[in-house]
1. Which one of GLU444, GLU437, GLU402, GLU418 is of a type outside the set (Lys, Arg), assigned by TED's automatic domain parsing to the domain that holds ASP376 and at pLDDT below 95?
2. Looking at this structure, is ASN165 crowded, with 19+ Cβ neighbours inside 10 Å, modelled with pLDDT of 95 or more and not aliphatic (A, V, I, L, M)?
3. Give me the strands (runs of 3 or more DSSP E) completely within segment 1-120, filtered to those with at least 3 residues that are among the small types (Gly, Ala, Ser) and under 19 Å from the mean Cα position of the chain (by Cα), ordered by residue number.
4. Taking GLY61 and the conditions (1) touching a helix residue (DSSP H, G or I) at 6+ places or on another chain (Cβ under 7 Å); (2) in the same structural domain as SER110 (by TED's automatic domain parsing), which numbered condition does it fall short on, given that it satisfies the others?
5. Collect the residues in segment 278-315 that are more than 14 Å from VAL379 (Cβ to Cβ) and among the β-branched types (Val, Ile, Thr), keeping them in residue-number order.
6. Return a yes/no flag: does segment 319-329 have any residue that is among the β-branched types (Val, Ile, Thr), outside any loop (DSSP other than H, G, I, E, B) and out of contact with any strand residue (DSSP E or B) (no Cβ under 9 Å at 6 or more places or on another chain).
7. Can you tell which of ASN212, ASN165, ASN180, ASN219 is touching a Phe, Trp or Tyr at 6+ places or on another chain (Cβ under 9 Å) and either assigned by TED's automatic domain parsing to the domain that holds SER72 or part of a helix (DSSP H, G or I) (or both)?
Amino acid sequence: MNLNREPFFGWNPPVFSAQIAASVSFGIRKMYNLDQVDEIPLTAVDSSIHKGLKLIHRGEGPKVGKGLIVGSVRMGYGHHRMALSAFSHSIAKKIPTYLHDLLAIDSPESRAIGDVDGVYSYFSRLSSDMGGPMEWAWGNITNSGNASSLYLSTVLAKEYKKLMNDIPHDNPVITTYPLNGQIAVEAGFKNVVHLICDNHPQHYLLVPGALNLVQTEHNLKGFLKMGVPRENLELVGHWISEDILRNVTEDSDIRIKRTRNRSPKRFLIPIGGAGAQKNYLTSLIELSADRLKEGEFKFFINAGDHEHVYKHLVETLERKEIEYESIRSWNDLKEFVAKNKLSDKEDSKLKPVALFHFLTHSEGFSATDVLIRISDVMVTKPSELAFFPIPKVFIRRVGDHEEKSALYSLDLGEGSVECREASHAYDIMLLFVKSPEVSLRMNECVISNAQKGIYNGSKKAVEIAMNLKS
């Protein structure tokens with residue numbers, strides 16, 4: 001495939017961007033002593049929860065071999081969820097697969113990247129809790145990843161090349177965060193396929209020198225309008241994991257049967273990786289208390305690896321005298337899912353609330369993918385979960401870049417409007433019980449969209465990456 005491989009797509013950096021980028025790069029190099037760091041030895045160990053996946057760490061053990069490298073960063077849950085969607089398909093195809101998480105490589109470089117993530121997560125939580133001017137300001141920041149920010153990121157990527165130097169450079173690479181892809185290109189990898197998140201085109205999300213894949217026509221047109229070379233862009237569909245994709249029609253049919261049988265509505269409510277939405281969710285639980293106690297609602301709340309959120313939810317449930325069950329290990333999660341298949345009619349055995357909390361980031365974000373298959377509706381902010389094939393109720397976004405994802409899902413017929421207030425979300429959730437046609441229509445749209453191949457993005461990404469290798 002003939003890609004444009006020029007640095008920064010051959011564009012001239014915006015005025016003053018080169019000077020600013022050079023200054024920031026110099027400052028980070030000195031602050032984190034990057035000049036004094038030798039090459040970083042890398043090894044790979046088996047994942048404890050994803051069979052067939054190897055995790056890349058710093059160490060002197062077995063070297064990374066031939067296979068597919070999937071790059072991500074432990075920054076929230078979205079980018080790792082996209083990585084899961086990719087490596088689930090490569091593992092299903094028996095392709096040796098390695099996950100390269102920038103923050104899992106113990107080094108000054110990873111600490112520099114992690115400090116930026118800490119700031120991002122803090123302001124995400126602050127904007128969600130405070131709303132008003134704080135939410136407006138943060139929304140504007142997350143909505144304005146311009147060409148200058150992309151240029152700065154590509155300059156910084158040169159400082160972080162050691163994070164990938166000890167990996168065979170002829171391996172194909174799929175990346176789910178732009179810095180991963182930019183580092184891979186700077187390190188000399190030629191077969192780099194980058195998955196772009198969201199439905200809001202921004203320069204910052206791009207990887208010059210790579211094939212950039214998008215989920216929507218809106219994103220494709222937006223990036224072309226920015227002047228991104230056509231040969232570096234391709235529309236492939238949504239980032240959906242293999243198990244969910246393979247069973248999407250069957251699961252939707254079961255949800256339709258449950259709707260017609262007037263089964264209790266199982267609402268899956270995942271907490272985002274930044275740990276925001278705590279106050280919003282508290283209000284939603286309080287509004288839903290009677291419905292939960294009467295058995296009309298069942299809540300599956302995934303608090304991920306956020307201990308403070310889990311404790312707060314426990315206090316809320318006990319204060320409202322709502323019965324709940326806690327699931328706090330991966331084995332317990334598998335047992336819970338095995339006992340509560342979506343097709344089961346034993347909803348009466350479920351407690352009103354199942355509360356999930358895990359010790360690790362990987363278990364935290366992976367649990368949502370597992371729980372989707374036994375849920376009727378997902379209640380989520382319009383993050384990467386906005387693209388999953390299940391009826392959705394959208395709560396308030398965290399960052400204005402998420403707005404267009406909710407609008408896109410609404411256009412597909414499988415998501416609600418964005419509910420700025422918990423009372424609005426509750427009213428729509430009530431519609432799923434009182435007006436079965438809402439649930440029926442959304443599930444029918446999911447089936448129709450599946451037939452059109454809209455959810456095949458991650459499957460295609462793996463096929464493209466391996467063809468690039470050949």
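The values are calculated or read from the model by the stated rules, or taken from the named source; none is laboratory data. Note that the coordinates shown come from a computational prediction; the quantities given were computed from them, not determined experimentally. Note: ideal-geometry Cβ built from the backbone for every residue, glycine included; neighbour counts use all protein chains shown.
1. On the way: GLU444 fails: at pLDDT below 95; GLU437 fails: at pLDDT below 95; GLU418 fails: at pLDDT below 95.
Sole residue among the options that is of a type outside the set (Lys, Arg), assigned by TED's automatic domain parsing to the domain that holds ASP376 and at pLDDT below 95: GLU402.
2. On the way: crowded, with 19+ Cβ neighbours inside 10 Å: no; modelled with pLDDT of 95 or more: yes; not aliphatic (A, V, I, L, M): yes.
The answer is no for ASN165.
3. none
4. In the conditions (1) touching a helix residue (DSSP H, G or I) at 6+ places or on another chain (Cβ under 7 Å); (2) in the same structural domain as SER110 (by TED's automatic domain parsing), GLY61 misses (1) alone.
5. Hits for segment 278-315 are VAL309, VAL314.
6. If we filter segment 319-329 for residues that are among the β-branched types (Val, Ile, Thr), which is where we start, we get 322, 327.
When the remaining residues are screened for being outside any loop (DSSP other than H, G, I, E, B), the result is 327.
Remaining after also requiring out of contact with any strand residue (DSSP E or B) (no Cβ under 9 Å at 6 or more places or on another chain): none.
No, that holds for no residue.
7. Numbers: ASN165 fails: touching a Phe, Trp or Tyr at 6+ places or on another chain (Cβ under 9 Å); ASN180 fails: touching a Phe, Trp or Tyr at 6+ places or on another chain (Cβ under 9 Å); ASN219 fails: touching a Phe, Trp or Tyr at 6+ places or on another chain (Cβ under 9 Å).
None of the other options fit; the residue is ASN212.
Let's see how each residue does on (1) part of a helix (DSSP H, G or I); (2) at pLDDT below 95; (3) closer than 26 Å to ARG420 by Cα:
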{"position": "THR249", "(1), (2), (3)": "yes, no, no"}
{"position": "ASP253", "(1), (2), (3)": "yes, no, no"}
{"position": "THR259", "(1), (2), (3)": "yes, no, no"}
{"position": "GLY273", "(1), (2), (3)": "no, yes, yes"}
{"position": "SER288", "(1), (2), (3)": "yes, no, yes"}
{"position": "PHE300", "(1), (2), (3)": "no, no, yes"}
